[in-house]
Amino acid sequence: MPVLVVLLALLGVLLFLVVAIPFSLVMRYRAGKARRLARGWVVTANLVGLSISIVLFLAGAAVTSFWVPRAFVYGLGGIGAGGILGILGLLATRWEPRPQGLFFTPNRWLVLVVTLVVAARISFGAWRAWHAWHHGTGEVGWLEAFGVAQSLAAGAIVLGYYLVYLLGLRQRLRAHAARPLPASSAAPARTRRR
């Protein structure tokens, strides 16, 4: 009986993940294309976290390259490709300087491309795992059979995109803060009564 409960619990967790992953991708797309206010502390915190992630990612890719040839190269290439997408994203973003701050709306098509890269990698990984499980890996090792190098490249595209996008956003935010407010949006001048 306890074995049945454990199996049902594992099946429930698996079913939850199958439902949650597409839902989370849709929510990520909706949040990614929304108009929002650029806040300096949020951009800085995201840059710090992303920088740590990239360092750990490249360290993991370097270690993985002992078992999977060219894994580190795929990771660097993915970061470069993501950086190019990030530049395109900055150019395609709608910027709205306001007295309240700098508002921006990312390009929905580039957000969709980045989201689809993640979705395609998850789908490909699931298909490769199923295929390798049923047909074996033959002469190829398990890590290569699961497409680890390609997975690293897909993850690196996302990291590179957000790194360049956040750096560009930070630059725009600094330029907005240094720019004086236009006369029409400044507070009305006080006049002395006679």
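Peptides 13-25, 111-123, 55-67 ordered by packing proxy, namely the average of other Cβ atoms within 10 Å per residue, highest first: 111-123, 55-67, 13-25. With R₀ fixed at 25 Å, the C-beta to C-beta distance from R128 to A20 puts the FRET efficiency at about 0.75.
Summary of packing: across the peptides 29-41, 81-93, the per-residue average of other C-beta atoms within 10 Å ranks them, highest first, as 81-93, 29-41.
We did not get these values from a lab; they are worked out from the coordinates using the rules stated. The structure presented is a predicted model; accordingly, all values stated were derived computationally and were not measured. For neighbour counting, all protein chains shown are included, and Cβ atoms are generated from backbone atoms with ideal geometry for every residue, glycine included.
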